[in-house]
1. Could you identify which residue out of Val181, Val199, Val106 has the top mean-square fluctuation in a GNM of the chain using Cα springs shorter than 10 Å?
2. For the stretch 14-31, take each phi angle, set θ = phi - 60°, evaluate the Karplus expression 6.51 cos²θ - 1.76 cosθ + 1.60, and give the result in whole Hz per residue in order, putting x for glycine and proline.
3. Work out the length of the dipole vector of the chain about its Cα centre, built from +1 on the beta-carbon of each Lys and Arg and -1 on the beta-carbon of each Asp and Glu, and round it to the nearest 20 debye.
4. If each of Thr133 and Val187 carries a label point 7 Å out from its Cα toward its Cβ, how far apart are those two points in nm?
5. If you build the Cα gyration tensor of the chain and take the root of 5 times each eigenvalue, what three semi-axes come out, in whole angstrom, biggest first?
6. Using Cα springs under 10 Å in a Gaussian network model of the chain, which residue among Phe31, Phe113, Phe12 shows the largest mean-square fluctuation?
7. Extending each Cα 7 Å along its Cβ direction at Phe76 and Ala227, get the distance between those two points in nm, one decimal.
8. Would you mind calculating the gained length between Ala5 and His162 on full extension (0.36 nm times residue separation, minus the Cα-Cα distance), in nm to one decimal?
Amino acid sequence: MNLLAVERIKLFSTRSPWWCALITLALAIGFAAIFSGASPADEPVTVGATQFGGSQFGIAVVMVLAALAVTTEYRFNTIRTTFQAVPHRSPALVAKTIVVALVALVIGEIAAFGALGLSMLMRPNDGIGLHTTQDWLNVAGLGPVFAVAAVLAVALGILVRHSAGAIALLLIYYLAVEELVQLIPKVGHHIHEWLPFNVANKFLRGAAGGDGPPPSDSPLSPGWALAYFAGIALVFLLVALGVAKKRDA
């Protein structure tokens, strides 16, 4: 508990979490406002469309937040003090991961329900609401996806240790690599089915089509999709912890 308190204080003593949280909320709620305001009156806005900003762009900002939470310590050498206080290293890094993941979870839930609430106010006659299980996953599921993505970003931050490098790798992979993989002849589609963010999208969107983020082609069910995404993040974290133990701070 003391380590969690220390990591919470360290995280919120910098400006980056606050700015990243505000940007995420602005993207999620702003896109919901755009969709609600721009859609014709005879075309109802769906729950999936209200979550476009958060599920497509908010995840990227949250991963930046998570990466900075660890790479900033390496940049300013405060990680040395942390490792002197906790020589085994792993408990401190795990505590940091837990704090960042919880912050990402809260940001995701506020963004998702804020976007939904604004759309309901702007389009009161569209019947927007959480009527099905998939509607709940579209909205309430954003927080868990944010949390798992944050764990993945923290792990990469521990491995790379440089802010620019970690952020560049995360954004290039998230925004480009998974889509480009589909262009590989014959096997690209099969590889894409199992890539982490595509699978996470299956948890959020299911097999739904229509407006909003595109559906996932993953063969997993939504529940197994989240478990698979979390498993990949956990593997990366375990590798990062092992590397951190063996090298200099």
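1. Taking springs between Cα atoms under 10 Å, the residue moving most is Val181.
2. 10, 7, 4, x, 5, 5, 5, 5, 5, 5, 4, 5, 5, 5, 5, 6, x, 5
3. 1280 debye
4. Taking the two extended label points, one gets 3.5 nm.
5. Each semi-axis is √(5λ); the values are 33, 21, 14 Å.
6. Sorting by GNM fluctuation, first place goes to Phe12.
7. 4.2 nm
8. So the chain would gain 54.1 nm between Ala5 and His162.
The values are calculated or read from the model by the stated rules, or taken from the named source; none is laboratory data. From a predicted model like this one, the values you see are computed outputs, not experimental measurements. Every residue, glycine among them, receives a Cβ derived from its backbone with ideal geometry; neighbour counts consider all protein chains shown. The accessibility values were calculated without ligands, DNA or RNA, using every heavy atom of the protein model including side chains. Shrake-Rupley method; radii C 1.70, N 1.55, O 1.52, S 1.80 Å.
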